[in-house]
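To start, the structure under review is shown below, and the notes come after it.
The values are calculated or read from the model by the stated rules, or taken from the named source; none is laboratory data. Treat the numbers as computed from the prediction; the structure is a model and nothing was measured. Positions of Cβ are backbone-derived with ideal geometry, glycine not excepted, and every protein chain shown enters the neighbour counts.
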Amino acid sequence: MSPKEATVRSVALTVNGKRHELELEPRDLLVYVLREQLGLTGTNVGCDTSSCGACTVIVDGAAAKSCTLLGVQVDGAEITTIEGLASNGELHPVQQAFHDHHALQCGYCTPGMVMAAVSLIEHGGATSEQEIRTGLEGNLCRCTGYHNIVVAVQEAATTMGRAS
């Protein structure tokens with residue numbers, strides 16, 4: 001057995017409802033597994049240091065920065081990426097609200113921001129402007145100034161029946 005073969009691990013992930021069995025090196029970051037091995041390029045690489053949130057996905061129901069997770073750490077996990085939100089050609093309420101309120105400009109941060117917002121809403125953390133701002137503070141946007149993002153999250157929370 002070669003040294004490389006000795007370090008490879010078998011991992012099973014369910015991504016956007018589809019099971020994948022992969023051979024990963026222990027150092028493979030989830031963001032690169034998603035992008036390079038599964039072709040899910042909607043998850044962006046921003047900083048590689050967990051500072052920007054462009055790589056945010058949902059892992060077992062909670063928002064997670066995929067540049068901070070090793071692929072082997074999420075063995076057996078359910079992962080949702082931006083590609084997994086729309087259903088039957090219909091945008092997810094958060095995606096629709098971002099579109100309706102022009103809560104994006106260059107779009108680079110948008111997938112991570114949307115995924116963080118979905119998790120925030122689903123966990124009941126989008127009941128006020130301040131809660132939304134606090135809940136999204138780990139996701140950086142250099143273009144919008146955040147106002148339209150907050151408005152979009154408020155509308156999506158109402159649409160999803162999670163606003164107070």
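A few remarks follow.
- Unique residue being farther than 24 Å from Gly161 by Cβ and either surrounded by fewer than 16 Cβ atoms within 10 Å (Cβ to Cβ) or of a type in the set (D, E, K, R) (or both) when the list is Ala64, Ala54, Ala12: Ala12
- For segment 69-80, the criterion of a residue being closer than 23 Å to Arg142 by Cβ and either surrounded by 14 or more Cβ atoms within 10 Å (Cβ to Cβ) or outside the structural domain of Gly125 (by TED's automatic domain parsing) (or both) is satisfied by no position.
- In segment 133-164, the residues that are within 17 Å of the chain's Cα centre (by Cα), of a type in the set (Gly, Ala, Ser) and surrounded by fewer than 18 Cβ atoms within 10 Å (Cβ to Cβ): Gly138
- You will find that of Val11, Val57, Val45, Val15, the residue that is under 19 Å from Asn139 (Cα atoms) and in contact (Cβ under 8 Å) with a residue 24 or more places away in the chain is Val57 and no other.
- Residue match in segment 27-36 (condition: buried (at least 18 other Cβ atoms within 10 Å of the Cβ) and under 24 Å from Thr159 (Cβ atoms)): no
- Taking the criterion of being among the hydroxyl-bearing types (Ser, Thr, Tyr), farther than 17 Å from Val114 by Cα and at pLDDT 95 or above, the only residue of segment 29-63 that qualifies is Tyr32.
- When Glu36 is tested against (1) of a type outside the set (A, V, I, L, M); (2) in contact with a Leu (Cβ under 9 Å, 6 or more places away or on another chain); (3) in a helix (DSSP H, G or I), exactly one condition is not met: (2).
- Test: Cys52 is part of a loop (DSSP other than H, G, I, E, B) and either within 14 Å of the chain's Cα centre (by Cα) or more than 24 Å from Tyr146 (Cα to Cα) (or both): yes
- When Ser66, Ser2, Ser10 are checked against the criterion of being at pLDDT below 95 and over 22 Å from Glu155 (Cβ atoms), a single residue qualifies: Ser2.
- Residue in segment 97-107 that is in contact with a strand residue (DSSP E or B) (Cβ under 7 Å, 6 or more places away or on another chain) and on the phi < 0 side of the Ramachandran plot present: no
- Filtered residues of segment 146-164 (kept if touching a Pro at 6+ places or on another chain (Cβ under 9 Å) and part of a loop (DSSP other than H, G, I, E, B)): Met160
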